[in-house]
1. Do we find that A:L69 is buried (at least 22 other Cβ atoms within 10 Å of the Cβ) and within 11 Å of chain B (Cβ to nearest Cβ) in this structure?
2. Just give me the residues in the stretch A:1-46 being charged (D, E, K, R), open to solvent by 20 Å² or more (accessible area, probe 1.4 Å) and in a loop (DSSP other than H, G, I, E, B), in sequence order.
3. Output yes when any residue across the stretch B:146-169 is β-branched (V, I, T) and more than 20 Å from B:R67 (Cβ to Cβ), and no when none is.
4. In the stretch B:96-117, which residue that is more than 7 Å from chain A (Cβ to nearest Cβ) and touching a Leu at 6+ places or on another chain (Cβ under 9 Å) is modelled with the highest pLDDT?
5. For the stretch A:206-220, which positions are touching a strand residue (DSSP E or B) at 6+ places or on another chain (Cβ under 7 Å), part of a helix (DSSP H, G or I) and of a type in the set (D, E, K, R)?
6. Which number in (1) over 25 Å from B:N44 (Cα atoms); (2) open to solvent by 80 Å² or more (accessible area, probe 1.4 Å); (3) at pLDDT 90 or above marks the one condition that B:D207 misses?
7. Scan the stretch A:96-110 and tell me whether some residue there is within 14 Å of chain B (Cβ to nearest Cβ), closer than 30 Å to B:R122 by Cβ, part of a helix (DSSP H, G or I) and out of contact with any Gly (no Cβ under 9 Å at 6 or more places or on another chain).
8. What about B:S87, is it polar (S, T, N, Q), more than 14 Å from chain A (Cβ to nearest Cβ), open to solvent by 40 Å² or more (accessible area, probe 1.4 Å) and under 17 Å from the mean Cα position of the chain (by Cα)?
Amino acid sequence: MKQAHCIYQDEEHRWLAIARDTTKPGYIIDTNEYVVVHGEEALLCDPGGIEIFPSVFSALSAECDPTRLAGIFASHQDPDIISSLALWLEFKPDLKCYTSWLWQSFLPHFGGQDSTFVPIPDSGMTIRLDGLELQAIPAHYLHSSGNFHLYDPKAKILFSGDVGAALLPADHNELYVQDFSRHIRHAEGFHKRWMGSDRAKRDWCERVSRLEIDMLVPQHGAIYQGADVQRFINWFAALEVGVLRS
Amino acid sequence: MNAPEPNFHGIAPRTGELARIVRVNEEIKAIVATAFRINLMALNAIFLAKRAGNAALGFGVLSNELRRFAQDLTRHMASLREMTSGSVGSVTGVVQQQRIAAILAEALRLSGEGVPGAREARRRGATRLAEQQVRLRSLDLRLRAAVEETQQLVELGGVLARSAKIEAAYGGSFSAALMQVSTDFAEVIAQIKRSLEVLGKERLVKD
């Protein structure tokens, strides 16, 4: 079963990581979901697919009142990111889904109405959560053509979607990266294959290098913190992407 | 064929409703094809009656009636088909709602009692499902009424086919050919009757 771990707390401001589900069927890729809680509202980042909804919902409910969910941030359009949308809306019909304008007419195939979606322009936007300002940071072509990451300047956390993802073996259940060199081996093949544009990658590296980041939290695998964040950005900047095999 | 596997946590996919619509559509398609055949058979019978002249005047009249019957039947089936294709949307809505409700129920069960908003979510889901089921039941009633109406029309077709057999006996040298045509009519109409019986037993929703 998934469990929510508090990875950041400052009074009424929290980040929860719902990570590493050891009980899910092996044929479904493991995903991390993150919840930003601020004051009376919460935002769920990449809520995941239909199949894992019950475990994500129960993990979230254990740590946070689910009726406080004000929105969902979908980094892009993939099924492991947002195919559970209809289920979240079934629980809370007035939820807003923040996603690239590019996917505004595609995501309703998973659920929701026109009023559900808040399109994010290519340049990004500010998402307000009970007074907290979160930034949708452009990450187009990494890997999706309409792709955003979410930066919390107060917590100094960057939710980086598929960037930083690692496909870890079943027995690697650590929440945080313990040994960068060992960990990054599980990220290499994924980034080479899934990240299609070298130019987009360099743009992203420059953009996020200007941000103060204590934690880089990806949608798959473990969380980078402290010096490992810059280590990852440097590693990614040097990596040849858009290749089938190394 | 393998039985559908449960997707997760024992929630089996619900495919029965859509499978029923597929069966209804297949029966309708079969009847439409047969009605088209009757239309052609009636045209041939009209030509045959013309060749037979005075001896087959009655047969000619009946062939015209059978042709009209085939055209009426085609219209009935077109309207039935429209109804069933409309019902695909309603059935899909019910199936989706049931699946969503089942997964949400599992999520609430895992979360334990007292999750804020759970009761409201359950009530909203149940209301939506009930509304969709009412729509589906009303469609089902309309479909059944339309099938009954078509069955009455086919009864008339059966009477025409039997009368054609009697008229064929007075067809002089064309009697054997006319008898063959009228027997074919009777067989095809019996086939339609059987299809309609199957159709009459199908339900878009379980009682």
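The values are calculated or read from the model by the stated rules, or taken from the named source; none is laboratory data. Small disclaimer: the values here were computed from a predicted structure and weren't measured. Neighbour counts are summed over all protein chains in view; Cβ atoms, including those assigned to glycine, are modelled from backbone coordinates with ideal geometry. Areas reflect the complete protein model, heavy atoms only, side chains present, ligands, DNA and RNA absent. Shrake-Rupley method; radii C 1.70, N 1.55, O 1.52, S 1.80 Å.
1. Yes, satisfied.
2. So in the stretch A:1-46, the residues charged (D, E, K, R) come out as A:2, A:10-12, A:14, A:20-21, A:24, A:30, A:33, A:40-41, A:46.
This time we only want the ones that are open to solvent by 20 Å² or more (accessible area, probe 1.4 Å), so: A:10-12, A:14, A:20, A:24, A:30, A:40-41.
The answer is A:E11, A:E12, A:R20, A:K24, A:D30, A:E40.
3. Yes, the stretch B:146-169 contains a residue that is β-branched (V, I, T) and more than 20 Å from B:R67 (Cβ to Cβ).
4. B:A101
5. Hit for the stretch A:206-220 is A:R207, nothing else.
6. Failing condition for B:D207: (3).
7. yes
8. On the way: polar (S, T, N, Q): yes; more than 14 Å from chain A (Cβ to nearest Cβ): yes; open to solvent by 40 Å² or more (accessible area, probe 1.4 Å): no; under 17 Å from the mean Cα position of the chain (by Cα): yes.
When the stated conditions are applied, B:S87 does not pass them.
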